[in-house]
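See structure below.
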Amino acid sequence: MTRQDISELYRGYIDCLNRQAWPELGRFVHQEAQYNGQRIGLSGYREMLENDFRAIPDLRFVIDLLIADPPHIAARLCFDCTPVGELFGLPVNGKRVSFTENVFYEIRDGRIAQVFSVIDKEAVRAQLGNDSP
C-alpha cells in the first residue's frame, strides 16, 4: 500500500468509528488484531470500542496529525468529550474533558493489524484537579 492508500484507509476507519458503524469495522481492522501487545481480534477490538462509546456517549475521534510510512501509520488524536462515570479510573462524572492519544498502527493485508496507543491520562487528571497518581 502507498502512503495515500493507508492514509485513506485510516480516514475511512476514523469515519467508521465516529459513525459507530460496527458492521463495517472488519473492512478496516484485521481479524487477528492486536492492541498494545495483546491479541484481541476483531471481536475484542469492536467490544473495546463499543465500551468506549458507552462510557463516553459524545466520543468523537479527531485527527490532529497523521503520518504514513507504509506499512505503518501514526496519528495524534484529539478528544473533547463528556464521559459518564469514570474515565481511566478517574471520577469524571459528566464533566467535559479534553485529552490526546498518540497511536501507532501496522497495516497488514490492507487492514489494521497492530495498534500501540498512549493516552494522555494526566491531562484528564489535571482538569479534574486531582494531582495524586
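The numbers here are math on the coordinates, done by the rules we state, and not lab data. Predicted, not measured: the structure shown is a model, and the values here were computed from it. Quick reminder, even Gly has a Cβ in these numbers, built from the backbone with ideal geometry, and neighbours come from all protein chains shown.
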Original post:
Given region 33-133, what strands (runs of 3 or more DSSP E) lie entirely inside it while holding 1 or more residues that are farther than 27 Å from Met1 by Cβ, touching a residue at least 12 places away in the same chain (Cβ under 8 Å) and in contact with a strand residue (DSSP E or B) (Cβ under 8 Å, 6 or more places away or on another chain)?
Top reply: 72-81, 97-108
Original post:
Going through region 54-72 one residue at a time, which ones are within 13 Å of the chain's Cα centre (by Cα) and surrounded by 15 or more Cβ atoms within 10 Å (Cβ to Cβ)?
Top reply: Ile56, Leu59, Phe61
Subject >> Filtered residues of region 4-32 (kept if without any contact (Cβ under 8 Å) to a residue 12 or more places away in the chain and either within 15 Å of the chain's Cα centre (by Cα) or under 17 Å from Val62 (Cα atoms) (or both)) >> reply: Glu8, Asp15, Arg19, Ala21
Original post:
surrounded by fewer than 15 Cβ atoms within 10 Å (Cβ to Cβ) and either touching a helix residue (DSSP H, G or I) at 6+ places or on another chain (Cβ under 9 Å) or within 18 Å of Arg54 (Cα to Cα) (or both) - does that describe any residue in region 112-127?
Top reply: no
